[in-house]
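The values are calculated or read from the model by the stated rules, or taken from the named source; none is laboratory data. Since we're looking at a predicted model, the values are computed, not measured. Note that we place each Cβ from the backbone using ideal geometry, even for glycine, and neighbour counts take in every protein chain shown. Each accessible area value is taken on the protein alone, full model and side chains, heavy atoms only, with ligands, DNA and RNA left out. Shrake-Rupley method; radii C 1.70, N 1.55, O 1.52, S 1.80 Å.
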Amino acid sequence: MGFLYFSKDCSRAAEQLKNNPRHKSYLEQVSLRQLEKLFSLLRGYLWGQSLAETMEQIRRETTIDPEEDLNKLDDKELAKRKSIMDELFEKNQKKKDDPNFVYDVEVEFPQDEQLQSCGWDTESADEF
């Protein structure tokens, strides 16, 4: 894996390393996202960035902006965002074996506030 290639695409470099038969058994428990972050740290170092700059860049690349319109992304960027969301879901998911697991949680929402209506959920006879 050459330096020029590595410096351009950390995700592909991480994928190649993880799938390499020589390293596969050592990296089974390491997520692809972790390897991508490691490669991004190395890339930042090689490009002369400070650790703080590199960490900020990684944070921007691995955080989902709730205001971002995902419909405007290309397939590669959309897959990246979905991967981030999947990882966050797995991290926050409560499993049966977790000490704080509660089956069938019921939550009551306050009814004293005025409910806001959305335009998309109102049915109109004119639309059909």
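State log₁₀ I(q)/I(0) for segment 60-101 at q = 0.18, 0.31 Å⁻¹ as given by the Debye formula over alpha-carbon point scatterers of equal weight, solvent excluded.
The computed values of log10 I(q)/I(0) come out as -0.59, -1.13.
How big is the equivalent ellipsoid of segment 16-107 along its three axes, where each semi-axis is √(5λ) from the Cα gyration tensor, reported in whole Å from largest to smallest?
Rounded to whole Å, the semi-axes are 28, 21, 15.
Using a 1.4 Å probe, what is the accessible area per residue for segment 33-115, in Å²?
Per-residue value: 89 Å².
How far apart, in nm, are the 7 Å Cα→Cβ label points at E67 and Q93?
3.1 nm
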